[in-house]
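Notes follow once the structure below has been shown.
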Amino acid sequence: MASSTSDKGYALLEAINLEVHYGGIAAVKGVSFAVEEGELVCLIGANGAGKTSTLKALARMIPSTGELHYRKERLDHMPSHGLIRKGLALVPEGRGIFARLTVAENLAMGAYHRNDKAGIEADLAHVYALLPRLKERAEQVAGTLSGGEQQMLAIGRALMGRPQLLLLDEPSMGLAPLMVEKVFEVIRAVAAEGVTIFLVEQNARLALQTCSRGYVMESGKITLADSSDKLLADPRVRAAYLGE
């Protein structure tokens, strides 16, 4: 197995022996991994492999054991609402938008912890430039948006918090192929601006084509870790996840 980080920098995010249990069932079984500053890294695997549980543990949404480090600071006992102030944001599976609020109100909620009015306005303008569909629908109730538009809104809302690390959980889920392509164009653009991204995605081919490194999770354990090119060429990955 490859090392958990490359030689480019230090680990912005690191999990050591992370475990998640639901009652007597172990969903995540002592996994360790790291994401360096500026990287775009994916975690792939089949349904039920433990990917979403891993992200929820990182975002402190569910109890876990093991060590979680962000910028070399322990996150294990930090409440989830404190993470955004540290520069860590989650776009959850299923998007989690506020369906009864407008697009503009949803975006404003992403900056709830900020009081720099000029900075918020500048970031809103940037989000609208990055996601022009949201600007067109700024006063539309979010629950009436298409699935792809809701996914873009969830990403835009997270960006309003000025994250340094963005956790993305299954952004392609339930979307038409054309909209999946657009959402991943946005993900690449956000990464190009310097935001570190840890992506959980069931579409293994798309995830590996987008990211520079990847981890493969099976039954709660990380079984492979390598560069995306090597994982795409690995016969085990090709047989299990690429339909080859």
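What follows draws every value from the coordinates through simple rules; no lab data is involved. All values derive from a computational prediction rather than experimental measurement. As a convention, Cβ positions derive from the backbone with ideal geometry for all residues, glycine included, and neighbour counts pool all protein chains shown.
Please list, in chain and number order, the residues 5+ apart from residue 27 or on another chain whose amide H is under 5 Å from its amide H, with Hs placed from the backbone.
Sorted by chain and number, the residues that satisfy this are 20, 21, 22.
Give the shape of the range 136-180 as rounded, prolate or oblate, defined through the alpha-carbon gyration tensor: a ≥ b ≥ c are the square roots of its eigenvalues, a/c under 1.5 means rounded, and otherwise the shape is prolate if a/b is larger than b/c and oblate if not.
Since a/c reaches 1.5 but b/c is at least a/b, the shape of the range 136-180 is classed as oblate.
Quick one: which residues, 5+ away or cross-chain, put their amide H under 5 Å from the amide H of residue 160? H built at 1.01 Å from N.
none
What's the longest bit of the chain with no exposed trypsin sites (Lys or Arg not before Pro), using DSSP loop states and at most 14 other Cβ atoms within 10 Å as the test?
Between the exposed loop sites, the longest stretch runs 101-244.
Among the DSSP beta bridges whose two residues both lie in the range 15-173, what percent are antiparallel, rounded to the nearest 5?
75 percent
Hey, which lysines would be in cross-link range of residue 221, C-alpha to C-alpha under 22 Å, not counting anything within fewer than 8 residues on its own chain?
29, 51, 56, 230
Cross-link candidates for residue 182: which lysines have Cα within less than 20 Å, leaving aside residues fewer than 8 places away along the same chain?
Reachable lysines: 135.
Using the Karplus equation 6.51 cos²θ - 1.76 cosθ + 1.60 (θ = phi - 60°), what ³J(HN,Hα) coupling, rounded to whole Hz, does each residue of the range 25-31 give in order, writing x for Gly and Pro?
9, 8, 8, 10, 10, x, 8
First measure r as the distance between the Cβ atoms of residue 115 and residue 29, then evaluate 1/(1 + (r/R0)^6) with R0 = 35 Å and state the FRET efficiency to the nearest 0.05.
About 0.25, to the nearest 0.05.
Taking 0.36 nm per residue of separation and subtracting the Cα-Cα distance, what length does fully extending residue 238 through residue 69 add?
My answer for the length gained is 57.6 nm.
Which residues' amide hydrogens lie under 5 Å from the amide hydrogen of residue 215, considering only partners 5 or more residues apart or on another chain, with H built in the peptide plane?
The answer is 42, 43, 44.
Mind listing the phi-derived Karplus ³J(HN,Hα) values for the range 44-51, rounded to whole Hz, using 6.51, -1.76 and 1.60 with θ = phi - 60°, and x for any glycine or proline?
10, x, 6, 4, x, 6, x, 5
When the helix-only estimate is applied to the chain (DSSP H runs of n ≥ 4, each -39,500 (n - 2.57), divided by the residue count), what is the mean residue ellipticity at 222 nm, nearest 500 deg cm²/dmol?
So the helix-based figure for the chain works out to -10000 deg cm²/dmol.
Tell me which of 131, 178, 42 sits at the most positive position along the dipole axis of the chain, charges placed on C-beta atoms (Lys, Arg +1; Asp, Glu -1).
Value computed over the given set: 131.
Quick one: putting +1 on the C-beta of Lys and Arg, -1 on the C-beta of Asp and Glu, what dipole do you get for the chain around its Cα centre, in Debye to the nearest 20?
Charge dipole, the chain, about its Cα centre: 340 debye, nearest 20.
Karplus couplings for the range 185-201 from phi (6.51 cos²θ - 1.76 cosθ + 1.60, θ = phi - 60°), rounded to Hz, Gly and Pro as x?
Values, residue by residue: 4, 5, 4, 5, 5, 5, 5, 5, 7, x, 7, 6, 10, 10, 10, 9, 8 Hz.
Rounded, prolate or oblate for the chain? Axes are the square roots of the Cα gyration tensor eigenvalues, ordered a ≥ b ≥ c, and the cut-off for rounded is a/c under 1.5.
Since a/c reaches 1.5 and a/b is larger than b/c, the shape of the chain is classed as prolate.
Before anything else, pin down the relative contact order of the range 11-241: Cα pairs under 8 Å, at least 6 apart, normalised by residue count, whole percent.
Reported as a whole number, the value is 28 percent.
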